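The values are calculated or read from the model by the stated rules, or taken from the named source; none is laboratory data. The model shown is predicted, which means the values in this text are computed figures rather than measured ones. Neighbour counts are summed over all protein chains in view; Cβ atoms, including those assigned to glycine, are modelled from backbone coordinates with ideal geometry.
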Amino acid sequence: MSDSPLAQSPYEVLGVDPAASDEELRKAYRRLARETHPDLGGSAARFNAVQLAWERIGTPDARAAFDRSVYRPATASDEHVWATSGASHETRRDTRPKARSHGHPGGWSRERYLTLMREWVGRGAELDDPYDESLIRRAPREIRHALADALAEEATAASLGDLGMGYTLWHGVATAVGDDEWSTDANAPLTDPAKIDHVVLGPTGLYAVQSEDWGAPARVRRGELISEALGAGERPVHALALRARALARRAKVKFTGLVIVLPDDDLEAPITSLGRVRGSHAFAVQRSVIAHFLRTGVPDTARPAGTDLFEVRTRLQRAIRFV
């Protein structure tokens, strides 16, 4: 299994229903093999994905083995790796002081996931284990996306905690939607800019950080991140800038940087500058280097003085609300 709930199954890659006949599966593979072949103008990455999908379900024996592993009922001995953050199962060996942290990373997204999962299974139906992987793999993309969001936030929060005692973190920060109102609606669409996943304050400045997992690679176009997994009109960098602007006005602070964090495999470079957005520097950063990036800071940017940090922290503490 992939680490992401959004990873496509072989059936999704080939564009067929899991109940499709062997002949329908074969036809879909042959069509996609032609369409995606690099010698015929296709994408090498897409072609490789099609070949891997065929290897996993292309023969009756391989298909049966895959179906047993994914669509079988859960058993008591199963380890559900998505039930809680993976970092929580590790033994902590680093005794250095952690960053001061407030809020519940991933909590809003997990609540949303559980709500959507219960609605999909059916109101009144028994849901023994909402983190059964076979159940999750069959769920609609919107539900898997909610869980992927929670996992991404939890993974980033674990990395941010290692920044040390000089940093303060706020997780799941509600965004102002008016003079005296805060958007905390867990039933809002996933694209609704209801929150900033992480607000980070430290010696290199103040950052608005959004953890994402779209289940597909992303690239930069004109200062914005685009991906085949994003819906039409979705502009994640622009959306984060709006959220940061709302909080900045409320708290009377200025953000040094806006950061979109993605799984390492979904970004070509560890750190990619996206230019300036609404007065702040914007970046796309691989998850494994987010702590390093925030310790290093934005190049050629003045560092806040100690008294300034104290004042900004006080303003944020007074202004921040959590979803």
Segment 266-289 - residue that is surrounded by fewer than 18 Cβ atoms within 10 Å (Cβ to Cβ) and basic (Lys, Arg) and, of those, modelled with the highest pLDDT: ARG276
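Residue-by-condition table, conditions (1) among the small types (Gly, Ala, Ser); (2) surrounded by 15 or more Cβ atoms within 10 Å (Cβ to Cβ); (3) not assigned by TED's automatic domain parsing to the domain that holds ARG287:
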site	(1), (2), (3)
ALA19	yes, no, yes
GLU24	no, no, yes
TYR29	no, yes, yes
GLU35	no, no, yes
GLY41	yes, no, yes
ASN48	no, no, yes
LEU52	no, no, yes
ILE57	no, yes, yes
Taking segment 275-323, which residues are among the basic types (Lys, Arg) and under 22 Å from the mean Cα position of the chain (by Cα)? ARG287, ARG295, ARG321
Condition first: surrounded by 14 or more Cβ atoms within 10 Å (Cβ to Cβ), at pLDDT 95 or above and part of a strand (DSSP E or B). Can you find one or more residues in segment 290-312 that meet it? no
Given ARG46, ARG26, ARG63, which one is within 28 Å of the chain's Cα centre (by Cα) and closer than 29 Å to LEU135 by Cα? ARG46
Give the number of residues within segment 15-40 that are over 13 Å from THR59 (Cα atoms) and either acidic (Asp, Glu) or in contact with a helix residue (DSSP H, G or I) (Cβ under 7 Å, 6 or more places away or on another chain) (or both). 14
Could you list, in sequence order, all residues of segment 254-276 that are touching an Asp or Glu at 6+ places or on another chain (Cβ under 9 Å) and aliphatic (A, V, I, L, M)? ILE260, VAL261, LEU262, LEU274
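Provide a single number: the residues in segment 287-303 that are over 16 Å from ASP162 (Cα atoms) and of a type outside the set (Lys, Arg). Steps first, answer last, please.
So the first thing to find is which residues in segment 287-303 are over 16 Å from ASP162 (Cα atoms), and the list is 298-303.
Narrowing the set further to residues that are of a type outside the set (Lys, Arg) leaves 298-302.
Count: 5.
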